[in-house]
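Written below as structure tokens is the structure these notes are about.
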Amino acid sequence: MTRIIAVAMQKGGVGKTTTAINLAAALTELGQRVLAIDLDPQGNLTQHAGFDPDQISPTIYDAFKAEMDGYESDVSQAIYESDEGFHLLPSQPELSLIELGLINTLSRERVLATMLENVAADYDTILIDCNPSLGLLVINALTVASSVIIPIQTEYLAARGALMILKSIETVRRKKLNPGLAIEGILLTMADTRTTLTRDILAAIENQYGNGIRIFDAIIKRSVRFAESAVAGQSILAYEPKGRGAEAYRQVAQEIVTGG
Ligand SMILES: Nc1ncnc2c1ncn2[C@@H]1O[C@H](COP(=O)(O)OP(=O)(O)O)[C@@H](O)[C@H]1O
Ligand SMILES: [Mg+2]
């Protein structure tokens, strides 16, 4: 069975892309066949994996375009192997046009699911890096996913509507787009060393959103190495294999694989 994990959060700059690429690398290290999908027109994941979103072609955009025009897409044409061994389905800036175009498309929430039908079985895990919104691209990701990882900065958790993404997840379940959609967990990112308030945060989340939502034991601390690795076009596991950041993402991968 292929596990499809959407990395989603409506806010930008919380560590979605960083989480997607580093989990792709960490799961590859564990021997899994991994596909990382860039579902953000900004193409940060594509870049982080060492490709140029302005040059690479075809991309996921072409597959969406074909489906919207009423043709059958062949997404395998747009899958590339990264230096680190995992596969990448890249994005390009024009993907931003898809969000609007989908509105008039038949079964608009299931286009990504249809596209992935022929390739999903080739992978143990597929990670989808979502754009920072609650729009149709994200709904497509939530519809095809088996679970969701929600990265969030600890400080931001207190903000009003911090976890609006949970509402979208609930909607996708309720509207029967994907009744079995699970929450893999909330991942605390960019934490400062002093922030050891996990227990309080957990209590606050349970209070606000009901219990049963896992918070990963692994916490991703703030480190300038992450930005450096992005510029280098490498995962943190390749950039600084023995560093704290690499270890933290290995631990998240371990928690996903063992289910707790
Ligand atoms: N743990 C971290 N510590 C410090 N900087 C980080 C960390 N994780 C990510 N970053 C940096 O913060 C910025 C936003 O992260 P990113 O993963 O692109 O967020 P998103 O995809 O949610 O917009 C990037 O420059 C990234 O390199
Ligand atoms: Mg991103």
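The values are calculated or read from the model by the stated rules, or taken from the named source; none is laboratory data. Since we're looking at a predicted model, the values are computed, not measured. So basically every Cβ, Gly included, is an ideal-geometry build from the backbone, and we count neighbours across all protein chains shown.
Numbers for the structure displayed
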quantity	calculated
Every residue from region 212-232 that is surrounded by fewer than 20 Cβ atoms within 10 Å (Cβ to Cβ) and away from ligand 1 (no atom under 12 Å from the Cβ)	Gly212, Ile213, Arg214, Ile215, Asp217
Restricting region 1-32 to residues that are of a type outside the set (Lys, Arg) and in a strand (DSSP E or B), the residue that is surrounded by the most Cβ atoms within 10 Å (Cβ to Cβ)	Ala6
Failed item in (1) within 16 Å of ligand 1 (Cβ to nearest atom); (2) touching an Asp or Glu at 6+ places or on another chain (Cβ under 9 Å), with Leu134 passing the rest	(2)
Inter-residue pairs, beta-carbon under 8 Å, first within 19 Å of Gly43 (Cβ to Cβ) and in region 230-247, second acidic (Asp, Glu), 6+ apart	Gln234/Asp83; Gln234/Glu84; Ser235/Glu84
In region 20-42, the residues that are of a type outside the set (A, V, I, L, M) and near ligand 2 (Cβ under 9 Å from one of its atoms)	Asp38, Asp40, Gln42
Odd one out for Leu35, checked against (1) touching a residue at least 60 places away in the same chain (Cβ under 8 Å); (2) touching a helix residue (DSSP H, G or I) at 6+ places or on another chain (Cβ under 7 Å)	(2)
Residue in region 91-113 that is farthest from the chain's Cα centre (by Cα), counting only those that are farther than 15 Å from Pro58 by Cβ and among the charged types (D, E, K, R)	Arg108
Looking only at region 8-23, and only at residues there that are under 10 Å from the mean Cα position of the chain (by Cα) and not polar (S, T, N, Q), the one that is farthest from ligand 1 (Cβ to nearest atom)	Leu23
Any hit, region 81-101, residues being surrounded by fewer than 16 Cβ atoms within 10 Å (Cβ to Cβ), touching a strand residue (DSSP E or B) at 6+ places or on another chain (Cβ under 7 Å) and free of Cβ contacts under 8 Å to residues at least 60 places away in the same chain	yes
Residue list for region 108-146, restricted to those being within 17 Å of Met164 (Cα to Cα), part of a helix (DSSP H, G or I), in contact (Cβ under 8 Å) with a residue 60 or more places away in the chain and not polar (S, T, N, Q)	Leu137, Val138, Ala141, Leu142
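Results for (1) within 16 Å of ligand 2 (Cβ to nearest atom); (2) modelled with pLDDT of 95 or more; (3) touching a Cys at 6+ places or on another chain (Cβ under 7 Å), shown as yes or no for each residue.
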site: Phe86; (1), (2), (3): no, yes, no
site: Leu100; (1), (2), (3): no, no, no
site: Leu112; (1), (2), (3): no, yes, no
site: Leu116; (1), (2), (3): no, yes, no
site: Ala121; (1), (2), (3): no, yes, no
site: Tyr156; (1), (2), (3): yes, no, no
site: Ala159; (1), (2), (3): no, no, no
